[in-house]
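One structure is given here, and the rest of the page talks about it.
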Amino acid sequence: MRLRIEHETTYRYATPASRVVQNLRLTPRGHDGQFVANWRIDVDRDCLLDVTTDPFGNTLHSFAVEGPLDSLTITAGGEVETQDIEGVLHGQVEPLPTGVFLRDTSLTAADQAIRELAATAAAAAEHDQIRFLHGLMLAIRHQLRLDPGATYSGATAVEALARGHGVCQDFAHLFCAAARHADIPTRYITGYLHRPDQLEQESAHAWAEALVRDLGWIGFDPVNGICPTDAHVRLAVGLDHLGAAPVRGARYGGSEETLSVRVRVSGVGRVSR
């Protein structure tokens with residue numbers, strides 16, 4: 001499938017900011033199921049985009065803009081060709097040892113309720129790792145109700161499960177917390193999802209990947225209860241949302257910052273190979 005993606009992020013300030021610094025993980029990388037045909041990042045202010053690679057292998061753009069600034073808009077987009085590889089990731093550069101992805105973070109630490117969720121899925125799987133992960137994914141989808149706008153960037157897996165509802169990042173955090181408790185290396189993924197009935201979206205998507213014996217890294221999308229398909233575009237990887245956020249930065253001066261995000265994922269056509 002060939003997908004066209006447009007991702008616009010706008011900050012507005014009630015009183016002008018004196019300086020803004022941003023880190024962007026807004027450039028998808030290629031792998032066996034994903035080819036980036038073209039991609040571009042633009043900022044509506046005069047600045048220099050520095051590009052490097054972060055420890056997880058993500059393409060990282062950084063910039064600073066001097067004020068006064070009453071607003072700032074960052075746009076990214078292009079076209080990506082995808083294939084359905086049944087969620088199994090191959091052909092991606094892996095700069096870190098897999099043990100790194102067993103680390104808990106403040107957003108993915110497990111409490112007793114999460115440990116019990118993992119234990120229930122493990123008991124039903126009867127020592128079958130892939131069955132456990134699929135069962136965990138479906139259990140999370142059953143436990144959490146998708147509720148756009150019901151969370152914030154610092155929401156934890158513990159809070160999400162206790163609330164019983166959240167956004168896609170909450171589903172992914174909960175999956176990471178439970179799978180790591182089961183001693184399975186697991187990582188948080190940001191990306192995009194093509195929904196033919198919902199081309200305009202209010203945010204990027206999120207899911208998780210777990211390292212399965214003899215198979216490698218496999219994606220699990222608890223919001224939809226499926227492994228990623230050719231409708232998914234993989235953007236960045238981290239231990240949690242804060243490490244894989246498409247846009248993250250700091251403001252100096254100013255007041256009452258508001259953020260608006262517009263994402264559009266449209267299908268251009270099928271790709272014959």
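A short reminder: the numbers here are calculations on the coordinates, not readings from a lab. These numbers were taken from a predicted model, which means no experiment stands behind them. Backbone-built Cβ (ideal geometry, glycine too); neighbour counts: all protein chains shown.
Values as computed for the structure displayed
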read-out	value
Rounded, prolate or oblate (a/c below 1.5 giving rounded, otherwise prolate when a/b exceeds b/c) for segment 84-242 by Cα gyration tensor	rounded
Identified option (computed Cα extents along the principal axes in Å; candidates [x] 62, 49, 41; [y] 60, 46, 38; [z] 80, 42, 39)	[y]
Sites matching GluC sites (Glu not before Pro) across segment 89-172 that sit in DSSP coil, with at most 12 neighbouring C-beta atoms within 10 Å	Glu126
Euclidean distance between Cα centres, segment 126-149 to segment 1-24, Å	32
Relative packing of peptides 186-197, 92-103 - highest average C-beta neighbours within 10 Å first	186-197, 92-103
Inter-site label distance for Gln112 and Arg262 at 7 Å from Cα along Cβ, in nm	4.9
Max mean-square fluctuation residue, GNM over the chain, Cα-Cα springs under 10 Å, options Gly149, Gly135, Gly243	Gly149
Prolate/oblate/rounded call for segment 53-118, Cα gyration tensor, a/c under 1.5 rounded	oblate
Fully extended contour minus Cα-Cα distance, from Arg213 to Leu49, at 0.36 nm per residue	55.1 nm
Sorted by Cβ density within 10 Å, fewest first, the residues Cys176, Cys47, Cys168, Cys227	Cys47, Cys227, Cys168, Cys176
Helical contribution to [θ] at 222 nm, DSSP H n ≥ 4, -39,500 (n - 2.57), averaged over the chain, rounded to 500	-6000 deg cm²/dmol
Zone residues, segment 157-192, relative to Thr98, backbone N less than 16 Å from point 7 Å out along Cα-to-Cβ	179-188
On Cα atoms only, tilt of 129-143 relative to the major axis of the chain in degrees	60
Charged-residue dipole, Cβ positions (Lys, Arg, Asp, Glu), the chain about Cα centre, Debye nearest 20	120
Calculated FRET value between Leu199 and Ala250, using beta carbons and R₀ = 41 Å, to 0.05	0.80
Relative contact order of the chain, defined on C-alpha pairs under 8 angstrom at six or more residues apart (%)	31
